[in-house]
Amino acid sequence: MKKNGIVSLIHEYISRNTNMSILERTHLEIIHAVDQHGSLTAAADTLHVTQSALSHTVRKLEDQLGTAIWYREGRSLRPTQAGEYLLAVAQRLLPQLALAEERLRQFAQGERGALRIGMECHPCYQWLLKIVSPYLVAWPAVDVDVKQKFQFGGIGALFGYEIDLLVTPDPLHKRGLVFEPVFDYEQVLVVSRQHALSPARHVRPEQLTDETLITYPVSLDRLDIYTRFLTPAGITPKRHKPIETTDIMLQLVSSGRGVAALPRWLVEENAERFGVVPVRLGPQGVDKQIFLGYREADGDTDYLRAFVDMARAYRAATGSGVSTAAEQV
């Protein structure tokens with residue numbers, strides 16, 4: 001539901017003082033807003049109601065429940081055990097209710113539905129574009145939205161109904177979720193053409209001890225160049241520099257400011273533009289996969305299934321962009 005719709009519900013609830021069930025959706029909206037903004041005053045401003053009206057609503061709810069929802073600490077509020085429970089309920093139910101209303105709106109307007117895709121992988125966005133483009137043509141009645149805010153937090157977004165598909169190279173298999181491999185690739189070291197390692201067929205971990213290693217800004221335990229290459233050898237680079245954007249990362253590598261680790265296909269697509277080359281990580285290379293994760297209950301949704309099938313078909317048609325050591329020897 002849009003913010004104006006939520007505000008209207010809260011206004012309607014506060015203005016009518018009739019008997020109704022104890023716990024209403026408006027209560028969950030209020031509890032969520034207070035958690036987000038820290039006080040009743042800030043929550044009231046966000047929900048466009050008066051602070052006194054919101055306080056009255058909360059007091060009445062606490063009277064009906066027979067327990068306090070918050071401890072008052074000056075102007076701030078800290079949830080009680082009951083408040084923590086209600087907040088967890090709000091965080092679980094509000095996204096599902098919003099999704100249900102959005103789907104019903106789409107049905108009413110003749111649309112098929114919406115496919116919300118979460119990205120848990122920085123370079124995966126370039127791969128995703130290759131699937132989204134033909135999908136939009138094949139499914140014109142389905143609205144597609146791509147969310148790139150998830151830094152290895154996509155599992156919670158799936159369970160919380162914030163997204164319908166998760167693109168990730170690191171699936172966490174949980175009950176109720178399904179992960180399907182849809183793309184194979186090789187993780188490689190990226191160096192400039194002028195770098196001493198440029199002609200090498202592969203690099204050894206100890207050769208990076210004097211290098212600045214440029215990576216995406218995620219924890220080291222989620223970076224394959226550490227977990228599968230450097231850390232097992234007991235090696236750390238001279239400096240670790242996190243960079244958010246792939247183009248900036250490649251520009252820094254090109255100018256001799258460091259080396260990076262990226263999928264081989266992405267490096268090869270940008271080799272001429274940036275003057276960089278891929279070098280295999282170790283003689284056997286580091287092979288990876290991209291997975292699409294979704295809720296098991298949604299597995300039969302035709303337009304979601306179609307997206308997964310198109311991704312798998314692209315994998316079969318292109319050979320997935322993987323180039324292993326055995327293929328290159």
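Could you tell me the calculated FRET efficiency between residue 68 and residue 36, based on Cβ-Cβ distance and R0 = 25 angstrom, to the nearest 0.05?
Working from the Cβ atoms, E equals 0.80.
Do the sum for the chain: with -39,500 (n - 2.57) for every DSSP H run of n ≥ 4, divided by all residues, what is the mean residue ellipticity at 222 nm, to the nearest 500 deg cm²/dmol?
For the chain, the value works out to -13500 deg cm²/dmol.
Given a 1.4 Å probe, how much area per residue of the range 178-273 is accessible, in Å²?
Accessible surface, normalised per residue, equals 47 Å².
Need one number: nm distance between label points at residue 204 and residue 22, each 7 Å from Cα along Cα→Cβ, rounded to one decimal.
In this crude spin-label approximation the distance works out to 7.0 nm.
If you only keep lysine pairs separated by 8 or more in sequence, or across chains, how many in the chain come under 25 Å at the Cα atoms?
Close lysine pairs under the 25 Å cut-off: 16.
Of the residues 61, 304, 213, which exhibits the maximal mean-square fluctuation in a Gaussian network model of the chain defined by a 10 Å Cα contact cut-off?
Greatest mean-square fluctuation among the candidates belongs to 61.
Quick check: Cα centre of the range 196-231 to Cα centre of the range 40-109, how many Å?
47
At a 1.4 Å probe radius, carbon and sulfur cover how many percent of the accessible area of the chain?
Values: 8360 of 16430 Å².
The value for the chain is 51 percent carbon and sulfur by accessible area.
Antiparallel versus total DSSP beta bridges in the chain: what percent is that, nearest 5? Spell out each step's value before the answer.
Working: 26 of 43 bridges.
DSSP beta bridges in the chain are roughly 60 percent antiparallel.
Would you mind calculating the relative contact order of the chain from Cα pairs under 8 angstrom and at least 6 residues apart, reporting the percent as a whole number?
The normalised contact order for the chain reaches 18 percent.
Put +1 on the Cβ of every Lys and Arg and -1 on every Asp and Glu Cβ in the chain; which of 138, 253, 189 then has its Cα farthest towards the positive end of the dipole?
Checking the options against the dipole of the chain, the answer is 253.
Which whole-number percent gives the relative contact order of the range 194-240, counting Cα pairs below 8 Å spaced six or more residues apart?
After rounding, I find 50 percent.
How large is the charge dipole for the range 56-143, taken about the Cα centre, if only the Cβ atoms of Lys, Arg (+1) and Asp, Glu (-1) carry charge, to the nearest 20 debye?
Charge dipole of the range 56-143: 80 debye, to the nearest 20.
Would you kindly calculate the translational diffusion coefficient of the chain, applying Stokes-Einstein with the Kirkwood radius from alpha carbon pairs, for 20 °C and a viscosity of 1.002 mPa s, and quote it in µm² s⁻¹ without decimals? Intermediate values should be presented prior to the final figure.
Details: Rh = 23.1 Å.
Taking Rh from Cα pairs, D becomes 93 µm²/s.
The values are calculated or read from the model by the stated rules, or taken from the named source; none is laboratory data. Computed from a prediction, not measured in an experiment: that's the story for all the values here. Methodologically, a virtual Cβ is constructed for each residue, glycine included, from the backbone with ideal geometry; neighbour enumeration extends over all protein chains shown. Protein only, heavy atoms only, side chains kept; ligands, DNA and RNA dropped before computing areas. Shrake-Rupley method; radii C 1.70, N 1.55, O 1.52, S 1.80 Å.
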